[in-house]
1. State the number of residues belonging to region 380-417 that are without any contact (Cβ under 8 Å) to a residue 24 or more places away in the chain and crowded, with 18+ Cβ neighbours inside 10 Å.
2. Kindly indicate the residue of region 278-329 that is touching a helix residue (DSSP H, G or I) at 6+ places or on another chain (Cβ under 6 Å) and of a type in the set (A, V, I, L, M) and also surrounded by the fewest Cβ atoms within 10 Å (Cβ to Cβ) among those meeting that condition.
3. Condition first: crowded, with 16+ Cβ neighbours inside 10 Å and under 27 Å from the mean Cα position of the chain (by Cα). Now tell me which residues in region 120-133 satisfy that.
4. Can you tell me which condition L342 does not meet? The list is (1) within 23 Å of R311 (Cβ to Cβ); (2) surrounded by fewer than 23 Cβ atoms within 10 Å (Cβ to Cβ); (3) hydrophobic (A, V, I, L, M, F, W, C), and all the others hold.
5. Is one or more of the residues making up region 212-222 within 14 Å of the chain's Cα centre (by Cα), under 22 Å from L710 (Cβ atoms) and surrounded by fewer than 24 Cβ atoms within 10 Å (Cβ to Cβ)?
6. Which pairs turn up if I take residues in region 139-154 that are touching a residue at least 40 places away in the same chain (Cβ under 8 Å) and crowded, with 22+ Cβ neighbours inside 10 Å and look for partners that are basic (K, R) and not in a strand (DSSP E or B) with beta carbon separation below 7 Å, at least 6 apart in sequence or on another chain?
7. Could you tell me whether Y229 is aromatic (F, W, Y), in a helix (DSSP H, G or I) and surrounded by fewer than 24 Cβ atoms within 10 Å (Cβ to Cβ)?
8. For M427, which of the numbered conditions (1) in contact with a Lys or Arg (Cβ under 9 Å, 6 or more places away or on another chain); (2) under 30 Å from G540 (Cβ atoms); (3) in contact (Cβ under 8 Å) with a residue 40 or more places away in the chain fails to hold?
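The values are calculated or read from the model by the stated rules, or taken from the named source; none is laboratory data. Since we're looking at a predicted model, the values are computed, not measured. We place every Cβ from the backbone using ideal geometry, glycine too, and count neighbours over all the protein chains shown.
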Amino acid sequence: MNKSLYLFVLLPGLLCSCGGQRWTESVEDGYHLITQKGGATLGYSPKSGISIIQQDGYAFKDLNRNGKLDVYEDWRQSVDVRVADLTAQLSMEDIAGLMLYSSHQTIPVNRNVYNGKTYTESGVRAWELTDEQKVFLEKDGVRHVLITAVESPETAARWNNAAQSYAEGLGFGIPCNNSSDPRHSSRADAEFNAGGGGKISMWPGSLGMCATFSPEIMKRFAEIGSVEYRALGFATSLFPMVDVGTDPRWMRFCYTMGEGTKLATDMARAYCDGFQTSEGDAEICDGWGWNSVNTMVKHWPGTGACNEGGRDGHQGFGKYAVFPNGNFELHTLPFTEGAFKLEGKTKMSAALMPDYSACVGIEPEGVGSGFSKKFIQEMLREQQNYDGVICTDWIITHDEEGVYACAGKPWGMETKSVAERHYKVLMAGVDQFGGNNDRGPVMDAYRIGVKEHGEEWMRNRMRTSARRLLTNIFRTGLFENPYLDPARTSEVVGCPEFMQEGYNAQLKSVVMLKNHAGVLPLEGRKKVYISERYVPAYVGFWGEQIEERHIIPLSKELVEKYFEPVSTPQEADVAIVFIDSPNSGYGFDKEAARKGKDTGYRPISLQYSDYTATYARAQSLSGGDPYEESTNRSYQGRSVKTVNKGDMDLVIQTKRSMGDKPVVVAINVLNPPVLSEIEPYADALFLLFDVQHQTVLDMMAGKEEPSALLPFQMPADMRTVEEQAEDTPRDMRCYQDADNHVYDYAYGLNWQGVIDDERVKKYK
């Protein structure tokens, strides 16, 4: 661009000038950047139609296009003052839009519609806005967008810029507060190559982070994660999930902070501190800044793992949490003592998400946590003085379609209207509706409130939520510059340094349970046989069909860097078997319920072989669903088969083929398995938590020494699983192996034997 054209583009944005100009403007990739001496860096899009105001030599964005500098546009003012000014200007419709959190968005995906056509048909670029996104940004005023998947870091950055430009040209120019669920998981079969970079750094799953027993590692992950998130355009993390894993059967057990309340509390604090805190030049004020990501800690009051029988509250058959031992308060501690008592300057988690569950005998109205005045207004707002954003879990205001249908989750409010549910949420003290793109029901709820409390009272109620929501947008700098440099995003996200730190954490998360006769580490270049897995087709939790898979856990080329790969057990010096923990489904047989054979309830098994629930409760502690005739959800005497029983067979078959030669078994753990069926056939036994399988090769070759500890108990059998209490941690009889090691909480081996270090003393 020549100089004259450059001036032609920029000069129309200058509305007034007084004093010497202290700023310069440059044209970047898709936006303009204003750099100021002693002032805020501004980013804006000429396409949005906003102008730049100059005052006292500084530049400001005229976000509402009124030709004057409003208080909320003045970056010299405090966040509180700016928020108050903007909140006072917003209509109730504007605030209703702020209260929405979008449905899951993928960038791109062929089912999305672009100008009335599918992505493939439309020929648009991957980062362009869908028709749906334009509608909910403009018509419904949505500014909180949940991104579930993106094609690449560059695509994420360019989509962010497109969305921010679109939002900047609407109303008061409120930027998008984009967010993501966790996205640092590892691909098991991928070779670690820090120099090759990646779409994002790869770290252990939540249980793996807890298996390190190191809040310092968690904090370092969060510091790196925040930089990557902001480079992708995410200013909010819908995490951490700090539920204590008190029931080993729960489908989301692998996302918990383990079975130790103290460790979970310290890990929650480390996560929030690391993600929220900006330092040095990145800090804007009070620890918040350009590297800050609002954490949405979940699921308050931490009772997801307490759902009876290990079932999950995403569906009606798992809506009720029970407390056989009265341990409700224990589950709140990672919030009240961790996420709400940060060591850094941000002090508390910026946001919070309540649980789906209806807590039997605890919640006086029998409603899910997102509707509960006791859990939200009384316990959080009044007792804990929590003033952050509270957002419901997704689609709790939608209609339920039966206990086995994956639809809305209005637990305890099933018979109420959608508007009444929204109103109930507002009256409970919640600020935001997860998974809702339509502000119509929010306005319906507002009108109900006006009739009951008067217009002034209800306006103040809505403005209170607006204040909280806007605060999280202002203090992360989005009003000044929400735009990204796609080239820098590609450089930062998944850079070699971050990839290396992630892999180092993976290594520290691998638990060695057994090392019979010191078979590991291996000496010399051994011949290694790796068994191929087969998993048959099955139906997933969401009703999706999972196709059958033949899985080769590691490539021949990767194995060759450590050992000599061979094709048969007969040739091998040692064999490795990679398997998953047992998958028996989620505690309900939909077809049996549909056909009226029985109530549909089934046990969730943690053993590989077929299981019959002899020791289950004869009478359930929960029931009374309006979509069920029976109030008894017992599954006593009913049986279930495990999808991956073949994993057990594979271990046994491999050992028989190897004879006296050692077999190493590595289990990717989603839930703690009953090991009596496979441990006798394993000479060495590792637990993995969503890490790259290469970590096992590093251990076997002696390049790394195991150091991780069990963040939960390993049950001796299914009887102890059935007899443990859903609300109580560490109440099982633990498995004892052939070497007389008991697989209890904080147990783990290194090359010298059982680990007994400061971590064990502190947390066990």
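1. Adding up the residues that qualify gives 1.
2. Across region 278-329, the extreme among qualifying residues is V322.
3. Step one: list which residues in region 120-133 are crowded, with 16+ Cβ neighbours inside 10 Å, which gives 122, 124, 126-130, 133.
Selection gives A126, W127, E128, L129, T130, Q133.
4. Result: L342 passes all but (1).
5. The answer is no; no qualifying residue exists.
6. Pairs that qualify, where the first residue is touching a residue at least 40 places away in the same chain (Cβ under 8 Å) and crowded, with 22+ Cβ neighbours inside 10 Å and the partner is basic (K, R) and not in a strand (DSSP E or B), are G141/R439; P153/K199.
7. Working: aromatic (F, W, Y): yes; in a helix (DSSP H, G or I): yes; surrounded by fewer than 24 Cβ atoms within 10 Å (Cβ to Cβ): no.
Here the answer is no, as Y229 does not meet what is asked.
8. In the conditions (1) in contact with a Lys or Arg (Cβ under 9 Å, 6 or more places away or on another chain); (2) under 30 Å from G540 (Cβ atoms); (3) in contact (Cβ under 8 Å) with a residue 40 or more places away in the chain, M427 misses (2) alone.
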